[in-house]
1. Of the residues 49, 91, 110, which is touching a strand residue (DSSP E or B) at 6+ places or on another chain (Cβ under 6 Å), under 24 Å from residue 2 (Cβ atoms) and in contact (Cβ under 8 Å) with a residue 24 or more places away in the chain?
2. Search segment 33-44 for residues being more than 19 Å from the chain's Cα centre (by Cα) and at pLDDT 95 or above, and hand back the single one that is surrounded by the fewest Cβ atoms within 10 Å (Cβ to Cβ).
3. Among the residues that make up segment 5-18, is at least one of them part of a loop (DSSP other than H, G, I, E, B), under 22 Å from residue 109 (Cβ atoms) and not β-branched (Val, Ile, Thr)?
4. Just to be sure I understand, how many residues within segment 52-83 are modelled with pLDDT under 95 and more than 16 Å from residue 7 (Cα to Cα)?
5. Looking at (1) in contact (Cβ under 8 Å) with a residue 24 or more places away in the chain; (2) among the hydrophobic types (A, V, I, L, M, F, W, C); (3) closer than 30 Å to residue 141 by Cβ, can you tell me which one residue 40 breaks?
6. On the basis of being in contact with a strand residue (DSSP E or B) (Cβ under 7 Å, 6 or more places away or on another chain), under 24 Å from residue 116 (Cα atoms), outside any loop (DSSP other than H, G, I, E, B) and among the hydrophobic types (A, V, I, L, M, F, W, C), does residue 44 make the cut?
Amino acid sequence: GVVGSFPALNARPAELLDEWLSRITQTLAQARAADPSRRIAPFAVNQIVHASNDRLAQDVEACVRHRVPIIITSLRAPDAVIRPVHAYGGVVFHDITTVRHAEKALEAGVDGLILVCAGAGGHAGTLSPFALVGEIRRFYD
C-alpha cells in the first residue's frame, strides 16, 4: 500500500498545519463521496516528539481535530501522543534505529514500528536493514 506523509514542522507558521489538514481531509472526503468504491489511502503526519519541539502539543491537537489516520513519531518516546490519537481510532507508528528504541516504543503502546536503517537518506540509522529487521522480528511481528 501507499501512505502519503509530511512533517508537521514543515507548516510554518504553525497555524498553517490546520489549513493543510483541512484541505487534505476535505479533498479526501470529496473523493470518497464522488466514488464510494474507490480505495483511498490514508495519510500520515510526522510529529517530532523531542523536547525541543515547542509546537508538539499544538500540532497534536490539530491532528486530533482532523482525525489524522496515522501519526508517525520520532526522536523520543511517544507517550504523550499515543493516548489522544488512540482516542479517535488513529494509529501511531514510531521511527526506531535500535532494538532498545523498538522495545521502548512498543512498551509505550505504539501500533507499529518504522525501522530507520543505514542508508535511510541521512537519518540516524546505522544498522543494516537485514540485521535490524532480524533482531526486531525476534519479539515483534
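The values are calculated or read from the model by the stated rules, or taken from the named source; none is laboratory data. Only a predicted model underlies this, so the values are computations on that prediction, with no experimental measurement involved. When we count neighbours, we look across all protein chains shown, and the Cβ atoms used for this are built from the backbone with ideal geometry, even at glycine.
1. Working: 49 fails: under 24 Å from residue 2 (Cβ atoms); 91 fails: in contact (Cβ under 8 Å) with a residue 24 or more places away in the chain.
Exactly one of 49, 91, 110 is touching a strand residue (DSSP E or B) at 6+ places or on another chain (Cβ under 6 Å), under 24 Å from residue 2 (Cβ atoms) and in contact (Cβ under 8 Å) with a residue 24 or more places away in the chain, namely 110.
2. 37
3. Initial filter on segment 5-18 (part of a loop (DSSP other than H, G, I, E, B)): 11-14.
Retained after the next criterion (residues that are under 22 Å from residue 109 (Cβ atoms)): none.
No.
4. Summing the residues that are modelled with pLDDT under 95 and more than 16 Å from residue 7 (Cα to Cα) in segment 52-83 gives 3.
5. Of everything listed in (1) in contact (Cβ under 8 Å) with a residue 24 or more places away in the chain; (2) among the hydrophobic types (A, V, I, L, M, F, W, C); (3) closer than 30 Å to residue 141 by Cβ, residue 40 misses just condition (1).
6. Details: in contact with a strand residue (DSSP E or B) (Cβ under 7 Å, 6 or more places away or on another chain): yes; under 24 Å from residue 116 (Cα atoms): yes; outside any loop (DSSP other than H, G, I, E, B): yes; among the hydrophobic types (A, V, I, L, M, F, W, C): yes.
So residue 44 passes the test.
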